[in-house]
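**Q** Take a look at the following structure, please.
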Amino acid sequence: MPPWLNESLTWGNALILFLWAAVFLLIVLGFVTYAIYFERKVIGWMQLRIGPNRVGPLGLLQTVADIFKLLIKEDTIPRKADRLLFVLAPVLAYVPAFSVLAVLPYTQKLYFADLNVGLLYYVALSGITTLAIVLGGWASNNKYALLGGMRSAAQMISYEVPLVISVVGVILLSGSLNLREIVMAQDGGWFWNWNFLPQIVGFVVFIIAAVSELNRTPFDLPEAESELVAGYHVEYSGFRFAFFMLSEYVYVYAIAALTTVLFLGGWHAPAPFLEFVPGIVWFLLKFAFIVFFLFWIRATFPRIRVDQLMALGWKVLLPAALLNVFLTAAYLELFIK
């Protein structure tokens, strides 16, 4: 429990928690708004285009205008769709995406929930979004949406396995599932004590599997517009479509923060002589680099085929993740104990 909250849960404390959650929601919505703008600008520059430049100075209000347009659009539900599941799916996609953010620590004292099984909580809750995408595709009663949902089930479930196994080495090194303790275990003064070097195999597997879990290029098969006309959300419009897009970018936030915590030392400085810089600054710099990296990938790689996707997950990433666990356990047994 955060240090600013008393142990006993009173109505006053409940109100404080609610207000903090509301403030954090606004921060996340602000991130999503300008992450979309930044992504469009970055990809535009990489492709020798200008990107958004009309609405507001330097196009800064373009995403705001797009969101406003989505919110006032007509909300349509196909006549033969399963109405209850069709309405439920976008909410079921977003709620876990926002809930997993509760366990992410930003500095040693800035966090929301200090769970002993914070990493397990993150993995368990993020898997629910897969069900939401499958439900949305099936409930739409559209063959393209159904194909997108089936692709999502195959892809996200397959890549969750190497994703989870890739972090087992980090758990073995730190001896904890608590995300704050994992960061503190990387406090050695210099950046080579961070997990991304001793766990380089797990780090590479985690990054590839995380991009696939986000359904982003080159693993954006569930919503491949050239094949499935937007895939699982083809029948969604207005604010329900906005919920699916919001979920995707909230997970970008979550994955970038989780990568920073697990592999990049969290709030720790890369060198002892840089420790005068506040920890939150280092966290945000590493976080921003991961977000930029995800956008960079989208501008660089083409979409891969379904058979290549499954072969990569089961024949390459899963054996590599298992090998990483074996090597880490052997190292701890032979050199640490």
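**Q** Can you tally the net charge around L274? Count Lys and Arg as +1, Asp and Glu as -1, for every other residue whose Cβ sits under 15 Å from the Cβ of L274. Before the final figure, lay out each step's value.
**A** Details: positive: K286; negative: D187, E275.
In short, -1.
**Q** For K109, list the lysines whose Cα falls under 26 Å from its own Cα; do not include residues on the same chain fewer than 8 positions away.
**A** K286
**Q** Using the Kirkwood radius over Cα pairs, work out the Stokes-Einstein diffusion coefficient for the range 28-175 at 37 °C and 0.692 mPa s, in µm²/s as a whole number.
**A** On the way: Rh = 18.6 Å.
Value of D from the Cα-based Kirkwood radius: 177 µm²/s.
**Q** I would also like to ask the following. Any aspartates and glutamates with Cα under 14 Å of the K73 Cα? List them, leaving off those in the same chain fewer than 8 positions away.
**A** Counting by Cα, and skipping residues close in sequence, K73 has these aspartates and glutamates nearby: E235.
**Q** Using only Cα positions of the range 1-94, each an equal point scatterer, no hydration layer, compute I(q)/I(0) via Debye at q = 0.16, 0.17 Å⁻¹ and quote the log10 values to two decimals.
**A** The computed values of log10 I(q)/I(0) come out as -0.91, -0.94.
**Q** Here's another thing I want to ask about it. Which residues among the range 160-188 fall inside the zone where the amide N is under 11 Å from a point 7 Å beyond the Cα of N116, along Cα→Cβ?
**A** The answer is 177-178, whose backbone nitrogens lie closer than 11 Å to the label point.
**Q** Quick one: if you stick a label point 7 Å off each Cα along the C-beta vector at E333 and D82, how many nm between them?
**A** With each label placed 7 Å out from Cα toward Cβ, I get 4.7 nm.
**Q** Further, regarding this structure: Subtract the Cα-Cα distance of A14 and V306 from 0.36 nm times their separation in residues, and report this length gain in nm to one decimal. Please report the intermediate quantities before stating the final value.
**A** Working: separation 292, 0.36 × 292 = 105.12 nm, distance 4.70 nm.
That pair, A14 and V306, stretches by 100.4 nm at full extension.
**Q** Quick one: with all protein chains in place, what share of the accessible area of the chain is carbon or sulfur, to the nearest percent (1.4 Å probe)?
**A** 71
**Q** How many times 2.2 N^0.38 Å is the alpha carbon radius of gyration of the range 100-172?
**A** 1.42
**Q** Assuming 0.36 nm per residue, please report the length gained on full extension of the stretch V55 to Y34 beyond their Cα-Cα distance. Could you put the intermediate results ahead of the total?
**A** On the way: separation 21, 0.36 × 21 = 7.56 nm, distance 1.34 nm.
Computed gain between V55 and Y34 is 6.2 nm.
**Q** In addition: With n ≥ 4 as the cut-off for DSSP H runs, can you work out [θ] at 222 nm for the chain, using -39500 (n - 2.57) per run divided by the number of residues, rounded to the nearest 500?
**A** Using -39500 (n - 2.57) per qualifying helix, the result is -20000 deg cm²/dmol.
**Q** What does the convex hull of the alpha-carbon atoms of the range 152-263 project to on average, in nm²?
**A** That works out to 7.9 nm², a quarter of the Cα hull's surface.
**Q** Rounded to the nearest whole Å², what accessible area per residue is found for the chain with the 1.4 Å probe?
**A** Accessible surface, normalised per residue, equals 50 Å².
**Q** For Cα extents along the principal axes in Å, pick the label among (1) 64, 51, 46; (2) 68, 55, 37; (3) 58, 45, 39 that corresponds to the value derived from the coordinates.
**A** Given (1) 64, 51, 46; (2) 68, 55, 37; (3) 58, 45, 39, the structure-derived one carries the label (1).
**Q** To continue, here is another question. When the Kirkwood hydrodynamic radius is evaluated over all pairs of different C-alpha atoms of the range 236-281, what value in angstrom, to one decimal, is obtained?
**A** Value: 12.8 Å, from the Cα pair sum.
**Q** Further, regarding this structure: What net charge do the residues around N142 carry, taking every other residue with its C-beta under 15 Å from that of N142, with Lys and Arg at +1 and Asp and Glu at -1? Display every interim value, and only then the final one.
**A** Working: positive: R79, K80, R83, K143, R151, R240; negative: D82, E223, E225, E227, E235.
For residues surrounding N142, the net value is +1.
**Q** Have a look at G238, G175, G56 and tell me which one the Gaussian network model of the chain (Cα, springs below 10 Å) gives the largest fluctuation.
**A** For the chain, modelled as a Gaussian network with Cα springs under 10 Å, the answer is G56.
**Q** If you don't mind, another one. Anything in the chain that counts as a DSSP H helix reaching 24 Å or more along its axis (C-alpha) with Kyte-Doolittle mean of at least 1.0? List them, would you?
**A** Working: long enough: 11-46 (51 Å, 1.54); 83-99 (25 Å, 1.71); 143-166 (34 Å, 0.63); 238-263 (38 Å, 1.43); 279-300 (32 Å, 1.93).
Span-like helices, by this rule, are 11-46, 83-99, 238-263, 279-300.
**Q** In a shell of Cβ-Cβ distance under 11 Å around G265, excluding G265 itself, what net charge do Lys and Arg (+1) and Asp and Glu (-1) give?
**A** 0
**Q** Under 8 Å for C-alpha pairs, at least 6 residues apart: give me the relative contact order for the range 96-136, rounded to a whole percent.
**A** Relative contact order comes out at 44 percent.
**Q** Now, a different point. Taking 7 Å along the Cα-to-C-beta vector as the label spot, tell me the E227-A21 distance in nanometres, rounded to one decimal.
**A** Between E227 and A21, the label points sit 3.9 nm apart.
The values are calculated or read from the model by the stated rules, or taken from the named source; none is laboratory data. Predicted model only: the values in this text are computed from it and were never measured. A quick note on method: Cβ atoms are made from the backbone with ideal geometry, for glycine too, and the neighbour counts reach across all protein chains shown. When the accessible area is computed, the model is the full protein with side chains, heavy atoms only, and any ligands, DNA or RNA have been set aside. Shrake-Rupley method; radii C 1.70, N 1.55, O 1.52, S 1.80 Å.
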